[in-house]
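Trainee: Let me give you the structure first, and then I'll get to my questions.
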Amino acid sequence: MNHSLELSPRLQLLAAAAVASLGLACGDSGTMSSDAASDSASTQSGVTVTASESGSASDSSVSGSGSDASAGASTNASASSTSGGSTAGPTSDPLTSGNTNEPKFDVGEMPDAGDQVDCECGNAGFSYIWIANSHESTVTKLNTETMAEEGRYLTRSDSNGDPSRTSVTISGRAVAVANRNGGVVKIWASEEFCDENINGQPGVQTSTGMGDVLPWGQDDCVAWYADMGHQKQRPVAWTAGVLNQISCEYEDEKLWTSGCSGVEDITVHRLDGLTGEVEDSVIVPGFECGSYGAYGGAVDSQGNFWASSLTLPQSHLARVDAQTLEVKLYQAPYAGYGITVDSLDRPWMASWTGNGGVTAMRFDPELEIFELATNFVANSMSGIQEDAEGRMWMNYWSHSAGGVTLRGLTYVDRDTLEVGPPIEITDAEVRGLSIDFDGNVWSTARFANAAYRYNPNTQQVDTYSLLNGPYTYSDMTGWALQTAECGIPQG
């Protein structure tokens, strides 16, 4: 299906530079004209299909149209900054940061015009949602199209990781899982990328589903495990890396995470995505460890890392610059829960239980102000993520619009801050939230051991109910990273 793209800020820079580079490679002056530029049903135990009867997202007049009108309030943010912090390892070769720097390419020798490849930005066909099973220290690989569980993997050797947040690479080829008790693991999504020599047996041995969890060190698709010595570790977020314009492969992928152990401030780490080695570490002064450390994290189009806290009555919001490792720390007006970055590079936090009469908070990095979604109050502890229509989806437990008996989904217009209607899904406590590449909205319920797939166009709800304490509300599919890097498809 052909789409036009609303390009992300980073991709606008890359596209402009690529056009110039290709022009020079062809021997001209560097100016060139441009031409105008994928639900199968599966029968599986644990899967049910129902229809939602209310709250169709398409029924609302709020459509993410990009209007400048704002229905929310705004408040200034106090900020502090430090440069560098404490670092370990090389700081060279980070992702480009800021519009004043030249974009980074890994194109090797430019091909002749006849050899040029039209690389697609983003996911190359893998369609999984990775949901942590916190109660058993595993992660589930669930096919978002068939609703079939195709793998389940241990996340730590002692089976005591208590995993939560997951993050998927922009190619979809791998996931990183953070253990709340410390440590990060990388797992490949397909056998073709796995190392058959890990367990010493011929061929690739890897999990095929819920009843086939291999012992630690025996699954050839577990790429690496990294222990940074933290007792509290939650955020995990991949950067896009660099798209090789010849091979169309993403290279130099990095992974952000954060942790702490006691009364100290949090430490943010950047890992080599290929090896799991820690390349950079920076302390965030004033961001105390507290009960949880950093509660969530996300990246913007420049590869900068944003982390938030769950602290009452106000949350921290920190930014670590991908180029300089400079740290900025902001104080949000209220307590937040889940965090994401939208396609316009603005961090969002879903409000913690609707405190202050606020559903969600949007941060403007240029003006350094928080803007609030307040026309309805969605009370919940929820993840949050943008879809292709500019809707910031989140869960609710109660909704001030009234007239609901079940818990479910709602959304906030990305630009106007209008809170949408309630969409009833279940009577379970829903927290996790992610969007897949078909536009479905996923919600997880840890006490019901279930994941719900909601189709905004048909209002159909499908349920997978064979999880074990699913407590994930990060970028479980890789959609948020692709949105930041590639922009949103239009049409």
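The values are calculated or read from the model by the stated rules, or taken from the named source; none is laboratory data. Just so it is clear, the model here is predicted, and its values are computed rather than measured. Heads up, the Cβs are rebuilt from the backbone with ideal geometry, glycines too, and the neighbour counts pull from every protein chain shown.
Trainee: Give the residue, chosen from ILE198, ILE266, that is among the β-branched types (Val, Ile, Thr) and surrounded by 24 or more Cβ atoms within 10 Å (Cβ to Cβ). First the steps, then the outcome.
Mentor: Working: ILE198 fails: surrounded by 24 or more Cβ atoms within 10 Å (Cβ to Cβ).
Just one listed residue meets the conditions, ILE266.
Trainee: Next question. Quick check: is even one residue across the range 275-294 touching a His at 6+ places or on another chain (Cβ under 8 Å), among the aromatic types (Phe, Trp, Tyr) and within 26 Å of GLU136 (Cα to Cα)?
Mentor: No, there is no match, as no residue in the range 275-294 is touching a His at 6+ places or on another chain (Cβ under 8 Å), among the aromatic types (Phe, Trp, Tyr) and within 26 Å of GLU136 (Cα to Cα).
Trainee: With respect to THR353, determine if the residue is within 23 Å of THR267 (Cβ to Cβ) and in a loop (DSSP other than H, G, I, E, B).
Mentor: Working: within 23 Å of THR267 (Cβ to Cβ): no; in a loop (DSSP other than H, G, I, E, B): yes.
Criteria not met by THR353.
Trainee: Given the criterion touching a helix residue (DSSP H, G or I) at 6+ places or on another chain (Cβ under 7 Å) and at pLDDT 95 or above, identify the matching residue among GLU418, GLU386, GLU371, GLU424.
Mentor: So the residue among GLU418, GLU386, GLU371, GLU424 that is touching a helix residue (DSSP H, G or I) at 6+ places or on another chain (Cβ under 7 Å) and at pLDDT 95 or above is GLU386.
Trainee: Shifting gears a bit: Does at least one position in the range 264-272 carry a residue that is in contact with a Leu (Cβ under 6 Å, 6 or more places away or on another chain), under 16 Å from TRP306 (Cα atoms) and among the β-branched types (Val, Ile, Thr)? Steps first, please.
Mentor: Taking the range 264-272 and keeping what is in contact with a Leu (Cβ under 6 Å, 6 or more places away or on another chain), we get 271.
Narrowing the set further to residues that are under 16 Å from TRP306 (Cα atoms) leaves 271.
With the extra rule that they be among the β-branched types (Val, Ile, Thr), the set shrinks to none.
No, that holds for no residue.
Trainee: Let me ask something else. Where the second residue is surrounded by fewer than 21 Cβ atoms within 10 Å (Cβ to Cβ) and at pLDDT below 95 and the first is on the phi > 0 side of the Ramachandran plot and lies in the range 359-388, which pairs have Cβ atoms under 6 Å and are six or more apart or on separate chains?
Mentor: Close Cβ pairs satisfying both conditions: GLU368/ALA77; GLU368/ALA79.
Trainee: A further question on this structure: Only one of THR483, THR477 is modelled with pLDDT under 95, within 16 Å of the chain's Cα centre (by Cα) and not in a strand (DSSP E or B); which?
Mentor: So the residue among THR483, THR477 that is modelled with pLDDT under 95, within 16 Å of the chain's Cα centre (by Cα) and not in a strand (DSSP E or B) is THR483.
Trainee: Counting only residues that are in a loop (DSSP other than H, G, I, E, B) and either among the basic types (Lys, Arg) or touching a Phe, Trp or Tyr at 6+ places or on another chain (Cβ under 8 Å) (or both), which one in the range 300-314 is farthest from HIS269 (Cα to Cα)?
Mentor: PRO313
Trainee: Okay, next question. Which fully enclosed strands (runs of 3 or more DSSP E) of the range 368-410 have 1 or more residues being surrounded by fewer than 22 Cβ atoms within 10 Å (Cβ to Cβ)? Explain how you work it out, then say what you get.
Mentor: On the way: elements: 369-373, 384-386, 391-396.
Here the list reads 369-373.
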